[in-house]
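Every number in this text was worked out from the coordinates using simple rules, so none of it is lab data. Here the structure is a predicted model, which means the values were calculated and not measured. A quick note on method: Cβ atoms are made from the backbone with ideal geometry, for glycine too, and the neighbour counts reach across all protein chains shown.
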Amino acid sequence: MTKKSKIILPKKIRLRFPPSPTGLLHIGNARTILFNYLFAKQNGGETVLRIEDTDKERSKLEYVQNIIDELTWLGITWDEGPDVSGAHGPYKQSQRTDIYKKYLEQLLADKKAYFCDCSAEELEAKKQDQQGRGLAPKYDGKCRDKNNAEGVIRFKIAGKKVGFTDIIRGDVEFDMALLGDMVIAKDLDTPLYHFAVVVDDYEMQISHIIRGEDHISNTPKQMLLQEALGFYTPMYAHLPLMLNADKSKMSKRAGDVAVSDYHKNGYLPEALINFMVLLGWNPGTEKEIFSLPELIKEFSLQKVQKSGAVFNVQRLDYLNGWYIRQKSVESLTKLCMPFLPENAKNLPPKQLEKIIAAHQGRMKKLSDITELADFFFVEKLEYDPALLAWGSMTSEEVKKSLQTSMEVLSGIGKWDAASIQEALDSAAGTLKGQTFWPLRIALSGKKASAPGPEIAEILGKERTLQHIQEAIEALENKN
């Protein structure tokens, strides 16, 4: 087992958020960043947003902006980054080429790395030969003792066991004799992932690395690079993977996996934060509703599970619905505006708030308001005459019920839900279902909606009577 470098860890706790801008911010990456953020905040540490854009072909500026925008929306902040000046910049790997080159030249000078000019065809042939003989494929070291001046740069992997203590998983050990010398750069100006992150973590004085367990096999490779460069080794913690309902790994290409998908679909940032932290972390109590300040106080890596965390969208919907119900009507109305039709802006603010209040308890997502309340924003409804009937009511019975409701409502002076309810209760007697169901359908056109009296109050007397008349006409046209 390798011995850790004697260089002392940084005195300041520092963690990094290292997303790659090759796509929209992934929900799994956001969860990892959240865990880093909570650990740093809880321990009085600092955080660094580092954009790992060494993949020049796939990295895009629009994805960098998406990362910054969505983390900001979630309420996750950082102390240093591409948009926050600091002492350890630049914070985009594409701008750090000279730093990497210095350390690549150091490894080459120390004979710990070398240029390899083996062709892709040659490497593939060797791989096929090794697999055919039942061997694990690895580079055979052909160029180790050559004095090549060009080609990819390979790092000499020491054939020994490398171990470390993972904060979540305990002692972990890998036999590096199973690996061949790894490529760490395409050339002096083009470093690859393993090398760049090792240099960045050292230069940025990162003390703790919290990342997904799919990186755990990368750790010994990076530790050998740290040793070869004379760097300290940070503390590591590897989080359980996020899984689909069928226990398969969440793919970047399956379903809604970008944070912006949830943002656009009407999930609240506080609900998403609450949901993400429970994917792998258990507080040890029955409590499941946590604010960000509460999480900073209660979070612990020691309570992070080792097994995969299943992404249950029903649980997310439950949490989001809970947070929606806690909002003031004024606040919720503002949040719902992007999901309402353009003509919603023409309604008086108080009327809009009544619409939102009538549906607040039924919403799981802000976007639900689009379908729940669409009938408030059209002049004339389309009716399914069959839907107007309660149970086995005939068309004539439905028509009579609606005519009675119209007569009752025409005579009401004070127009509010309580007065409407009281007047209709008196007229309905024991036939409440036969009264309130046809009325509610006549006002909303929907099988499920807010109660009729609430809808009537919001619509106003004139539009309420108009809709009832239109429903009666729909019945007459059917016959």
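log10 I(q)/I(0), Debye, Cα-only the range 26-106, no solvent, q = 0.11, 0.25 Å⁻¹?
Rounded to two decimals, the profile gives -0.34, -1.31.
Step by step: find N for the range 59-155, compute 2.2 N^0.38 Å, then divide the Cα radius of gyration by it. What's the final number?
Dividing the Cα radius of gyration by 2.2 N^0.38 Å gives 1.63.
For Gly391, what charge total do you get from the other residues with a beta carbon under 13 Å from its beta carbon, if Lys and Arg give +1 and Asp and Glu give -1?
My count for the surroundings of Gly391 gives 0.
Loop-only GluC sites (Glu not before Pro) in the range 215-320, please: DSSP not H, G, I, E or B, and at most 11 other Cβ atoms within 10 Å.
Within the range 215-320, the qualifying GluC sites (Glu not before Pro) (loop, at most 11 other Cβ atoms within 10 Å) are Glu286.
What whole-number volume per residue, in cubic angstrom, does the convex hull of the C-alpha atoms of the range 307-396 give?
Output value, Cα hull per residue: 161 Å³.
Which of the residue pairs Lys264/Lys365; Lys264/Lys447; Lys334/Lys354; Lys345/Lys446; Lys327/Lys364 have a Cα-Cα distance greater than 18 Å in the structure shown?
Lys264/Lys447; Lys345/Lys446
For the range 379-479, run through the trypsin sites (Lys or Arg not before Pro) and keep only the ones in DSSP coil with at most 15 other Cβ atoms within 10 Å of their Cβ.
Passing both the DSSP loop test and the Cβ count: Lys380, Lys414, Lys447.
Listing Met204, Met337 from the residue with the fewest other Cβ atoms within 10 Å to the one with the most, what is the order?
Fewest-to-most ranking of Met204, Met337: Met337, Met204.
What is the distance in Å between the Cα centroid of the range 49-103 and that of the range 426-479?
Cα centres, the range 49-103 to the range 426-479: 57 Å.
Take every Cα pair under 8 Å in the range 393-448 that's 6+ residues apart, average their separations, divide by the length, and report that relative contact order as a whole percent.
It comes to 39 percent, rounded to a whole number.
Over the range 28-154, what is the relative contact order in percent, taking alpha-carbon pairs closer than 8 angstrom and at least six residues apart?
22 percent
Could you tell me, in Å, what Rg and Dmax come out for the Cα atoms of the chain?
31.4, 100
Just want the ordering: Thr285, Thr333, from fewest to most Cβ atoms lying within 10 Å of their own Cβ.
By the 10 Å Cβ count, ascending: Thr285, Thr333.
Can you list the residues, at least 5 places off or on another chain, whose amide H is less than 5 Å from the amide H of Thr47, using H built in the peptide plane?
Close amide H contacts, sequence-distant or interchain: Leu15, Asp79, Glu80.
Residue-wise, which Karplus ³J(HN,Hα) couplings in Hz belong to the range 230-239, taking 6.51 cos²θ - 1.76 cosθ + 1.60, θ = phi - 60°, and x for glycine or proline?
The phi angles translate into x, 8, 6, 9, x, 7, 10, 9, 10, 7 Hz.
So, counting K/R as plus one and D/E as minus one, what does the shell of residues with Cβ under 11 Å around Ile441 add up to?
Net charge around Ile441: +2.
P(r) of the range 357-411 in 5 Å steps, Cα pairs, percent per bin?
Bin by bin from 0 Å, the calculated values are 4, 15, 15, 15, 20, 18, 10, 3.
Which Rg and Dmax, in Å, describe the Cα atoms of the range 245-396?
Taking only Cα atoms of the range 245-396, I get Rg and Dmax of 19.9, 68 Å.
For Ser207, Ser331, what ranking results if the residue with the fewest other Cβ atoms within 10 Å of its Cβ goes first?
Ranked by crowding around the Cβ, least crowded first: Ser331, Ser207.
Give a quick list of GluC sites (Glu not before Pro) in the range 146-211 that DSSP marks as loop, anything other than H, G, I, E or B, with at most 10 other Cβ atoms within 10 Å.
Here the sparse-neighbourhood loop sites are Glu150.
Counting only C-alpha contacts under 8 Å and six or more residues apart, can you give the relative contact order of the range 100-170 as a whole percent?
Averaging sequence separation for qualifying contacts and normalising by length gives 41 percent for the range 100-170.
Which of the cysteines found in the chain have nothing to pair with, since no other Cys Cβ lies under 4.7 Å from theirs?
Those would be Cys118, Cys336, since no other cysteine Cβ in the chain comes under 4.7 Å of theirs.
Under the classification rounded if a/c is under 1.5, otherwise prolate if a/b is larger than b/c and oblate if not, where does the range 336-438 fall, given a ≥ b ≥ c as square roots of the Cα gyration tensor eigenvalues?
Prolate shape, in that a/c is at least 1.5 and a/b is the bigger ratio.
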